[in-house]
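**Q** After the structure tokens below, expect a handful of questions from me.
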Amino acid sequence: MALTSEQLEIRAMAREFAAGEIRPHVEAWDAHRALPEAIFGKLAELGFLGLRAPEDHGGLELDLVTALLAVEALSWGDASVGLTAAIHNGPVTRALVAFGSPGQRDTWLPKLASGEAIGAFALSEEEAGSDPSALACAAHPSGDGWTLSGEKRWVTNGERAGLLLVFARTGEGRDGISAFLVDRSQPGIEVVGRERTLGLSASESITLRFQDLALSGDALLGAQGEGWKVASDALVVGRLMVAAQSLGVAEAAFEHSLRYAGEREQFGTPLSGFGAIQEKLAGMAQRIAQSRALLQQVAGEVESGELVQGGSFPRSLPARAAMSKVAASETAMWVADEAVQIFGGYGYMRDYPVEKLMRDAKGTEIYEGTNEVLRWLVARDAIREAGEG
Ligand SMILES: Cc1cc2nc3c(=O)[nH]c(=O)nc-3n(C[C@H](O)[C@H](O)[C@H](O)COP(=O)(O)OP(=O)(O)OC[C@H]3O[C@@H](n4cnc5c(N)ncnc54)[C@H](O)[C@@H]3O)c2cc1C
């Protein structure tokens, strides 16, 4: 798919930003397990926190393919920055744009686009990960509003967020789940803990507790009982954002490998002269290109609402997005693993960049739906399509 001049421009701008403002600090952020406040201001200044928000709400209103190119470039800089941007511009912004009332959109979209409020997506719980229909966090009607109680686990951006998109039980079963816009600054939201993660160390993975938190009636996003629909819709975009994040990690690992293989000599020749290393480099280039092509195709389908017809491929957008996330995250993990191998003993050391990329890549196979569960979704869709003839 040929990119337009605007898409190339945005990608170049994001790469330049990542090279100048992110990459020089990555090691320190990883070691300190935090992103500095200043980076959010800089991201907002260039519009990276309003990639998908409408222009009349202060956003760039980019088409999905372009927004994904920006997220990929930011993730090439650092996967923690990429994850923060992916959740914020992905499921949180998407849910507001698709399901928000005019008042909710007017309140929150300008804050998200300007970086005044960072968005977080709070679906998972201790006992409800791959099966969020088992969630227990509950909202009870109270006067004109609601009272929210329960815990959410692994909330990315959970501590610094200004807006939490929280999914809570308002009835039985899947139709008993509702989505709520929770102002993070209101009292009554307790940070129970922060996870120590394998990778993505600068990104926050937070457990939040709500204890009889009072919400206004206007906090309900979409209709009561529509939470499953809101989450499923938001996760289509969210999973494509994770795919873009994965490609940023893979691209970084590939570039480091190319450079190192050209510089490091053994047996009197650069590593890049060995067939075994060339095979790895070729595999990296091929898998990245394949995953990127699939991502851009599916993003185009989401944007236009038109699916590629024919063949026995899954034809629902959730399955297409799931397939793209699985492909890109496995590319990231495989490429990062090969990069560590190409670096040899140095690859295993913290002093070189590729071990971090391998740690970061692993997360993409797990969040926003594990790859096992997403494969299940893809297979169910394909089987249904085949059955329908
Ligand atoms: C870094 C990080 C950031 C995260 N950020 C967020 C966030 O911002 N918001 C949020 O809501 N959540 C977030 N999560 C949570 C994440 O989405 C869950 O961890 C994930 O959905 C898996 O749930 P679980 O950990 O409970 O694993 P489980 O559901 O217990 O699964 C354990 C294993 O069993 C497999 N499995 C489960 N069911 C099936 C099945 N039907 N078929 C085959 N295999 C199956 C899984 O694939 C996995 O391998 C984050 C997680 C991480 C690691």
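**Q** What per residue convex hull volume, in Å³, comes out for the chain when only alpha-carbon positions are used?
**A** Details: hull volume 54.4 nm³, N = 389.
With only Cα atoms used, the chain gives 140 Å³ per residue.
**Q** Which length gain, in nm to one decimal place, applies between Asp106 and Asp56 when the Cα-Cα distance is subtracted from 0.36 nm times their residue separation? The partial results should precede the final answer.
**A** Details: separation 50, 0.36 × 50 = 18.00 nm, distance 0.95 nm.
That works out to 17.1 nm of additional length.
**Q** For the chain, what does -39500 (n - 2.57) per DSSP helix run (n ≥ 4), summed and divided by total residues, give at 222 nm, in deg cm²/dmol to the nearest 500?
**A** Details: 12 runs with 194 residues, N = 389.
It comes out at -16500 deg cm²/dmol, rounded to the nearest 500.
**Q** May I ask you to order 11-18, 272-279 by the average number of other C-beta atoms within 10 Å around their residues, highest value first?
**A** Numbers: 11-18: 18.5, 272-279: 13.1.
Descending mean neighbour count gives 11-18, 272-279.
**Q** From the P(r) of the range 1-115, can you give the percent of Cα pairs sitting at distances over 22 Å?
**A** Details: 2059 of 6555 pairs.
Value for the range 1-115 (Cα pairs over 22 Å): 31 percent.
**Q** While we're looking at this one, here's another question. Could you identify which residue out of Ala361, Ala128, Ala322 has the top mean-square fluctuation in a GNM of the chain using Cα springs shorter than 10 Å?
**A** It is Ala128.
**Q** Given +1 on the Cβ of Lys and Arg, -1 on the Cβ of Asp and Glu, and no further charges, what dipole in debye does the chain carry about its Cα centre, rounded to the nearest 20? Provide the component values of the computation, followed by the final result.
**A** Numbers: 35 positive and 53 negative charges, 113 e Å.
Value, rounded to 20: 540 debye.
**Q** Using +1 at the Cβ of each Lys and Arg and -1 at the Cβ of each Asp and Glu in the range 121-225, identify which of Trp154, Gly129, Leu181 lies farthest towards the dipole's positive end.
**A** Value computed over the given set: Trp154.
**Q** Given Cβ point charges of +1 (Lys, Arg) and -1 (Asp, Glu) and nothing else, what value in debye, to the nearest 20, does the dipole of the range 121-225 about its Cα centre take? Display every interim value, and only then the final one.
**A** Details: 9 positive and 15 negative charges, 57 e Å.
Roughly 280 debye, rounded to the nearest 20.
**Q** Could you give the size of the charge dipole of the range 228-388 about its Cα centre, using +1 on the Cβ of each K and R and -1 on the Cβ of each D and E, expressed in debye and rounded to the nearest 20?
**A** On the way: 17 positive and 21 negative charges, 39 e Å.
It works out to roughly 180 debye.
**Q** While we're on this one: Quick check: the distance between the Cα centres of the range 11-38 and the range 81-99, to the nearest angstrom?
**A** Centre-to-centre distance over Cα atoms comes out at 20 Å.
**Q** How would Tyr352, Tyr346 line up from fewest to most surrounding beta-carbon atoms within 10 angstrom? Could you put the intermediate results ahead of the total?
**A** On the way: Tyr352 18, Tyr346 14.
The most exposed by this proxy come first: Tyr346, Tyr352.
**Q** Which FRET efficiency value, to the nearest 0.05, is calculated for Gln211 and Glu172 with the Förster distance at 22 angstrom and r the Cβ-Cβ distance?
**A** Working: r = 23 Å, r/R0 = 1.06.
Computed FRET efficiency for Gln211 and Glu172 comes out at 0.40.
**Q** Gain in length, Phe274 to Ala98, computed as 0.36 nm per residue apart minus the alpha-carbon separation, to one decimal in nm?
**A** Stretched fully, the Phe274-Ala98 segment lengthens by 58.2 nm.
**Q** Can you sort Leu317, Leu109, Leu68 by how many other beta carbons sit within 10 Å, fewest first?
**A** Values: Leu317 19, Leu109 23, Leu68 32.
Going from sparsest to densest Cβ surroundings: Leu317, Leu109, Leu68.
**Q** Hey, another quick one. Can you give me the orientation-averaged projected area of the convex hull built on the Cα atoms of the range 228-388, in nm²? Walk me through the numbers on the way to the answer.
**A** Working: hull surface 42.4 nm².
Dividing the Cα hull surface by four gives the mean projection, 10.6 nm².
**Q** Is any residue of the range 144-161 close enough, with backbone N under 19 Å, to a label point placed 7 angstrom from the Cα of Ile366 along the Cα-Cβ axis, and if so, which?
**A** Label zone hits: 152-159.
**Q** Then there is this: Label points 7 Å out from Cα along the Cβ direction at Arg375 and Ala28: separation in nm?
**A** 4.2 nm
**Q** Sorting Leu247, Leu271 on the 10 Å Cβ count, fewest up front, what's the list? Before the final figure, lay out each step's value.
**A** Numbers: Leu247 30, Leu271 22.
So the residues, fewest neighbours to most, are Leu271, Leu247.
**Q** Could you tally the net charge around Ala134, taking each other residue with its Cβ under 9 Å from the Cβ of Ala134, Lys/Arg +1 and Asp/Glu -1? Before the final figure, lay out the partial values.
**A** Working: positive: none; negative: Glu125, Glu127, Asp131.
Counting the neighbours of Ala134, the net charge comes to -3.
FYI, it's all coordinate maths here, none of it is from the lab. What you are looking at is a predicted structure, and each value in this text was computed from that prediction instead of being measured. Because the Cβ atoms are built from the backbone with ideal geometry, glycine has one as well, and the counts that use them run over all protein chains shown.
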